[in-house]
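Asker: The structure is given below, and queries will be raised subsequently.
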Amino acid sequence: MAQRGNASKCGAVKYAEVLSYRYTCVRCGRSFRVYPRGVSKGAQQSQRLRAMTVLLYVLGLSYGAVEDFVNALGGGIGKTTVYNNVQAAGKWRAANSRRM
């Protein structure tokens, strides 16, 4: 396998970009990327940032206040992104809850 590292932009608070590795199979020529844990392919924000926005909303901050807080830390997200993160977390919770 041949390997090359590429920098990818990431909306995480801690890092502006992450290093993803691109591997090429020497046998068939197929290539694929490997991303660091917590960063998804094509995602503009890390799983940690998504979780933080949902937590802040659950703690009682409005969508706008969560946006302001995260932007103050350098996250660069909008109210709609916060709303989408909260809705996705609710759908995930509903799909993974156990019925009693």
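The values are calculated or read from the model by the stated rules, or taken from the named source; none is laboratory data. Keep in mind it's a predicted model, so treat the numbers as computed, not measured. Methodologically, a virtual Cβ is constructed for each residue, glycine included, from the backbone with ideal geometry; neighbour enumeration extends over all protein chains shown. Ligands, DNA and RNA are excluded from the accessible area calculation, which covers all protein heavy atoms including side chains. Shrake-Rupley method; radii C 1.70, N 1.55, O 1.52, S 1.80 Å.
Asker: State which residue pairs qualify: first residue of a type in the set (Val, Ile, Thr) and in a helix (DSSP H, G or I) and inside the stretch 38-62, second residue at pLDDT below 80 and surrounded by fewer than 16 Cβ atoms within 10 Å (Cβ to Cβ) in any location, beta carbons under 7 Å apart, and separation of 6 or more residues or different chains.
Answerer: Nothing qualifies.
Asker: Pairs only if they're at least six apart or on different chains, beta carbon under 8 angstrom, first in the stretch 63-76 and under 14 Å from Ser46 (Cα atoms), second among the β-branched types (Val, Ile, Thr) and part of a helix (DSSP H, G or I); list them, first residue then second.
Answerer: Val70/Thr53; Val70/Val82; Gly76/Val70
Asker: Still on this structure, please answer the following. Given the structure, is Tyr83 modelled with pLDDT of 95 or more and more than 15 Å from the chain's Cα centre (by Cα)?
Answerer: Values: modelled with pLDDT of 95 or more: yes; more than 15 Å from the chain's Cα centre (by Cα): no.
Taking the combined requirement at face value, the residue does not satisfy it.
Asker: Restricted to the stretch 7-39, and to residues that are at pLDDT below 75 and open to solvent by less than 40 Å² (accessible area, probe 1.4 Å), which residue is farthest from Ile77 (Cα to Cα)?
Answerer: Residue satisfying both the conditions and the ranking: Ser20.
Asker: Only residues that are surrounded by fewer than 13 Cβ atoms within 10 Å (Cβ to Cβ) and of a type in the set (A, V, I, L, M): list them for the stretch 56-72, please.
Answerer: Val58, Leu59, Ala72
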